[in-house]
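These notes concern the structure reproduced below.
The values are calculated or read from the model by the stated rules, or taken from the named source; none is laboratory data. Computed from a prediction, not measured in an experiment: that's the story for all the values here. For neighbour counting, all protein chains shown are included, and Cβ atoms are generated from backbone atoms with ideal geometry for every residue, glycine included.
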Amino acid sequence: MKKTFTLAEVLITLVGIGIIVAITVMILIADIQEKATVQRVKQAYSMLSQAYEMILKDEGSPDEWGMQGMYNDLSHRILAKKFIPYMKVQTDCTDMKSSPKIAKYCLAKYSDYASYSSFTTINGIVFTFRSWNKNCTSRYGYVKNVCGQIIVDINGNKNPNVLGRDLFSFYFTKDKIYPIGTNGDSISLYNYCTNIRAFGQPYGNYANGMGCTAWVIYNENMDYLRCSDLSWEGKKECK
């Protein structure tokens, strides 16, 4: 006897198929967005590295630029202004002292004008600069001669504005731009890029996510959002 399906059974089957399709589409979209983020981070790194190479050639060592340190707002502006002639800047926020204007045009979360200085490039990436050490003598693990930090927001002021998701951090030293979180960096993948804590939330002296940048650039994934057993010496992806 030929089996027939009731309307309820057909509807249940169709709903099940619809759920599977919806989940598959969501996974594909997330994968596409993550790959786009990786490419934007690499693009920002390339832009910074190329600009810095020219700045050092034309302007000399950063310890000779007159910056005084992390608690001097002029120092951050001096630093940011060094990059402006070498990058295609759309909005210069380095002289803005109005929080609403900075929030509108540059990086809202990290653009307190007294602590950072920012500008936005024509491709929509916000670059935020902070001088740490006027003599460029700071050391973070094997990374020596650190002068300060550069944070990039790869999607402008759009959410989530969270370290390790759309905000990524770099050191600038006396001679190079370094993505934070390389193997041997004291701001490590293990301590400052882990899914066992909320990304962007502070603990210790930094915020979770600050150590993710190098992983994104060199391993071209953001699997640290999904698993906690990644390492530079071993597992490079969750699969």
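Could you check the range 126-180 and list, in sequence order, the residues that are closer than 17 Å to Met70 by Cα and assigned to a loop (DSSP other than H, G, I, E, B)?
Trp132, Asn133, Lys134, Asn135, Cys136, Thr137, Lys174
For the range 44-70, name all the residues that are in contact (Cβ under 8 Å) with a residue 40 or more places away in the chain and either of a type in the set (Ser, Thr, Tyr) or not in a helix (DSSP H, G or I) (or both).
Tyr45, Ser49, Tyr52, Ser61, Met67, Gln68, Gly69, Met70
If the requirement is being in contact with a Gly (Cβ under 9 Å, 6 or more places away or on another chain) and at pLDDT 95 or above, which of these qualifies: Met210, Met222?
Answer to the selection: Met222.
Mind listing whichever residues of the range 135-164 are of a type in the set (S, T, N, Q) and within 24 Å of Asn123 (Cα to Cα)?
Gln149, Asn155, Asn157, Asn159, Asn161, listed by residue number.
Among the residues of the range 188-239 satisfying the criterion of being among the β-branched types (Val, Ile, Thr) and part of a loop (DSSP other than H, G, I, E, B), which is surrounded by the most Cβ atoms within 10 Å (Cβ to Cβ)? Can you show your working first?
Keep residues of the range 188-239 that are among the β-branched types (Val, Ile, Thr), which gives 194, 196, 213, 216-217.
Imposing the further condition that a residue be part of a loop (DSSP other than H, G, I, E, B) reduces the set to 194, 196.
Numbers: Thr194: 20, Ile196: 6.
Per the stated criteria, the residue is Thr194.
Among the candidates Thr173, Thr137, single out the residue that is in contact with a Lys or Arg (Cβ under 9 Å, 6 or more places away or on another chain) and touching a residue at least 24 places away in the same chain (Cβ under 8 Å).
Being in contact with a Lys or Arg (Cβ under 9 Å, 6 or more places away or on another chain) and touching a residue at least 24 places away in the same chain (Cβ under 8 Å) holds for just one of Thr173, Thr137, which is Thr173.
Out of the residues in the range 117-158 that are of a type in the set (Gly, Ala, Ser) and more than 22 Å from Leu189 (Cβ to Cβ), state the one that is nearest to the chain's Cα centre (by Cα).
In this case the residue turns out to be Gly156.
Among the residues of the range 116-124, is any assigned to a loop (DSSP other than H, G, I, E, B), at pLDDT 90 or above and among the aliphatic types (A, V, I, L, M)?
Yes, the conditions are met somewhere in the range 116-124.
Just name the residue that is surrounded by the most Cβ atoms within 10 Å (Cβ to Cβ) out of those in the range 81-106 that are part of a helix (DSSP H, G or I) and at pLDDT 95 or above.
Among those that are part of a helix (DSSP H, G or I) and at pLDDT 95 or above, it is Phe83.
Results for (1) under 15 Å from Leu163 (Cα atoms); (2) at pLDDT below 90, shown as yes or no for each residue.
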site: Cys193; (1), (2): yes, no
site: Gly200; (1), (2): yes, yes
site: Tyr203; (1), (2): yes, yes
site: Ala214; (1), (2): yes, no
site: Cys227; (1), (2): no, no
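Suppose we filter Asn183, Asn159, Asn133 for residues that are surrounded by 15 or more Cβ atoms within 10 Å (Cβ to Cβ) and either aromatic (Phe, Trp, Tyr) or out of contact with any Gly (no Cβ under 6 Å at 6 or more places or on another chain) (or both); which single one remains? Break it down into steps so the answer makes sense when it comes.
Values: Asn183 fails: surrounded by 15 or more Cβ atoms within 10 Å (Cβ to Cβ); Asn159 fails: surrounded by 15 or more Cβ atoms within 10 Å (Cβ to Cβ).
Residue meeting the stated conditions: Asn133.
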